[in-house]
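The values are calculated or read from the model by the stated rules, or taken from the named source; none is laboratory data. Remember, it's a predicted structure, so these values are computed and weren't measured experimentally. Ideal geometry is used to build each Cβ from the backbone, glycine not excepted, and the neighbour counts take in all protein chains shown.
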Amino acid sequence: MSEQNLSRRSVLKGAFLSLAAIPVVSLSTTAHAAPATALVDPATDPLAKGLGYVANGAAVKDPAHKAGANCANCALYQGKAKDKQGPCAIFGGRPVLAAGWCKSWVKKA
């Protein structure tokens with residue numbers, strides 16, 4: 001086994017750089033994770049407004065709406081059937097309410 005001579009300066013420099021990198025890595029991870037968990041808000045989200053997304057599909061007056069259609073029985077909804085909310089492919093994987101509805105609704109096969 002060979003011996004390496006590490007100076008105190010190089011050890012302290014490496015430790016300092018490692019400690020300095022921790023906040024940067026945690027901030028970048030948090031920034032990317034936050035949008036994926038925010039529930040789609042039909043009042044403020046421009047995509048939701050454009051698609052006519054509503055939180056309660058039973059109350060929709062849109063002529064494109066079919067009786068009983070909601071996010072839970074849509075092919076684009078990626079949540080489980082019994083979940084109250086789940087990710088939607090149209091909204092980039094952000095969660096929508098299972099009882100919701102939008103104009104992109106496609107019957108689940």
Could you tell me which residue of the stretch 55-88 is modelled with the lowest pLDDT, considering only residues that are closer than 11 Å to Trp105 by Cβ and in contact with a Cys (Cβ under 9 Å, 6 or more places away or on another chain)?
Gly57
Of the residues in the stretch 53-77, those that are exposed (fewer than 15 other Cβ atoms within 10 Å of the Cβ) and not acidic (Asp, Glu) come to Asn56, Ala58, Ala59, Lys61, Pro63, Ala64, Lys66, Ala67, Gly68, Ala75
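So, in the stretch 21-49, how many residues would count as being outside any loop (DSSP other than H, G, I, E, B), at pLDDT 65 or above and surrounded by fewer than 11 Cβ atoms within 10 Å (Cβ to Cβ)? It would help to see each step written out before you state the result.
Step one: list which residues in the stretch 21-49 are outside any loop (DSSP other than H, G, I, E, B), which gives 21-37, 46-49.
Then drop every residue that is not at pLDDT 65 or above, which leaves 22-23, 37, 46-49.
From what's left, surrounded by fewer than 11 Cβ atoms within 10 Å (Cβ to Cβ): 22-23, 37, 46.
Of the residues in that region, 4 qualify.
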Among the residues of the stretch 71-96, which ones are under 14 Å from Leu51 (Cβ atoms) and of a type outside the set (D, E, K, R)?
Cys71, Cys74, Leu76, Tyr77, Cys88, Ala89, Ile90, Phe91, Gly92, Val96
Inspect all residues belonging to the stretch 84-96 and state whether any of them is more than 18 Å from the chain's Cα centre (by Cα), on the phi < 0 side of the Ramachandran plot and either surrounded by 18 or more Cβ atoms within 10 Å (Cβ to Cβ) or part of a loop (DSSP other than H, G, I, E, B) (or both).
no
